[in-house]
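Inspection log for the structure reproduced underneath, given as structure tokens.
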Amino acid sequence: MKKKELNDMTDIVYGVHAVTESLAANTGNKLYIQDDLHGKNVESMKQLATDKKVSISWVPKKTLNDMTNHAVHQGFVLRVSAFSYADLDAILDKANQEDNPLILILDGLNDPHNFGSILRTADATNVAGVIIPKHRAVGVTPVVAKTSTGAVEHVPVARVTNLSQTLDKLKEQGFWVFGTDMNGTPSHKWNTAGKLALIIGNEGKGISPNIKKQVDEMITIPMNGHVQSLNASVAAAILMYEVFRHKLG
């Protein structure tokens, strides 16, 4: 592989699950496979790439390590088209066609591993879509795609310039806006009926003060240990499953 080509690898996904989902979603441009790799994963990946008319290059493990900054790539790296963010109106249209929809809003999340884990749970619990700000927050990166194990291909993600205006728009369409806080309604007593928008705040600072003013109700996760808060992706997962549990009746 030429050095220039390697340096251009800004839009990649890696790992068996993330690469498989991206190929299936027709976003792959070129597949790189570790040249000494063998087994079922290699054969199935070769077949999928062939079916999708994606070219394959066999490269040393060191090359894949360099491409992924020594992340766990499992021998597979896929060059992909730049991530296509969803349109906010498309997410709203999708949500409005569902009973008891949930839209997730990430207010300044910075850790790509948290974002990827949240997407994975969002896919598992039928979240209608995720909204993130364009500035001062993590976007969809290769680490996010890898951590989501392919869920990024199934959960629509919209980037918006102004979260406050977006919340106004959600309220106009009948959504109740909820936030997470140390003081609020216990999660097991949360009334999750209706159209829901749930805000997950920044890992360290929580929900920003201007956004907090637009929250209809704060939800708290009961805790009885020594730590004061949960990891953002864990807290989000608990609340997503609380909504999902009520949907299942």
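What follows is calculated from the coordinates using simple rules that are stated; it is not laboratory data. Just so it is clear, the structure is predicted and the values come from calculations on it, not from any experiment. Methodologically, a virtual Cβ is constructed for each residue, glycine included, from the backbone with ideal geometry; neighbour enumeration extends over all protein chains shown.
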* Residue-count net charge about LEU31 - beta-carbon cut-off 10 Å; Lys, Arg +1, Asp, Glu -1 -> +4
* If you take every DSSP beta bridge whose two residues both sit in the chain, what share of them, in percent to the nearest 5, is antiparallel? -> 25 percent
* What dipole magnitude, in Debye to the nearest 20, does the stretch 113-249 give about its Cα centre under +1 on Lys/Arg Cβ and -1 on Asp/Glu Cβ? -> 160 debye
* To do: Pull out the extension gain between VAL72 and ASN210, defined as 0.36 nm times the separation in residues minus the alpha carbon to alpha carbon distance; nm, one decimal.
  => 45.8 nm
* Structure fact -> Given pairs LYS171/LYS213; LYS146/LYS205; LYS171/LYS205; LYS169/LYS189 and cut-off 22 Å on Cα-Cα distance, the over-length ones are LYS146/LYS205; LYS171/LYS205; LYS169/LYS189
* Which of ILE105, VAL160, SER81, positive extreme of dipole for the chain (C-beta unit charges) -> SER81
* Counting other Cβ atoms within 10 Å, which trypsin sites (Lys or Arg not before Pro) in the stretch 170-225 have at most 14 and lie in a DSSP loop? -> LYS205, LYS213
* **Fully extended contour minus Cα-Cα distance, from ALA25 to THR185, at 0.36 nm per residue** => 53.6 nm
* Structure fact -> Answer in debye to the nearest 20: the dipole magnitude of the chain about its Cα centre, from +1 Lys/Arg and -1 Asp/Glu charges placed on Cβ, is 480 debye
* **Protection-proxy order for peptides 231-238, 101-108, each taking the mean of Cβ atoms within 10 Å per residue, highest first** => 101-108, 231-238
* Go ahead and run the numbers for FRET between GLN173 and TRP58, Cβ-Cβ distance against an R0 of 45 Å, rounding to 0.05. => 0.35
* Order the peptides 137-145, 66-74, 221-229 from the highest to the lowest mean number of other Cβ atoms within 10 Å of their residues. => 137-145, 66-74, 221-229
* Asked: Bin by bin, in steps of 5 Å, what percent of the Cα pairs in the stretch 111-228 do you find, going until the bin that has the longest distance?
  -> 2, 10, 18, 22, 23, 17, 7, 1, 0
* Asked: For the chain, modelled as a Gaussian network with Cα springs under 10 Å, which listed residue fluctuates most, SER22, SER208, SER187?
  -> SER208
* To do: May I ask you to work out the translational diffusion coefficient for the stretch 1-118 at 10 °C, viscosity 1.306 mPa s, via Stokes-Einstein with Rh from the Kirkwood sum over Cα pairs, reported in whole µm²/s?
  => 99 µm²/s
* Taking 0.36 nm per intervening residue step and subtracting the Cα-Cα distance, what contour gain separates THR161 from VAL234 on full extension? -> 23.6 nm
* Structure fact -> Quick P(r) readout (the stretch 181-220; Cα-Cα; 5 Å bins; whole %) gives 6, 20, 32, 26, 13, 3
* Asked: Which option, (i) 8, 32, 32, 18, 8, 2, 0; (ii) 8, 35, 41, 16, 1; (iii) 7, 30, 30, 19, 11, 2, is the value of P(r) over Cα pairs in 10 Å bins from 0, in percent that was calculated from these coordinates?
  -> (iii)
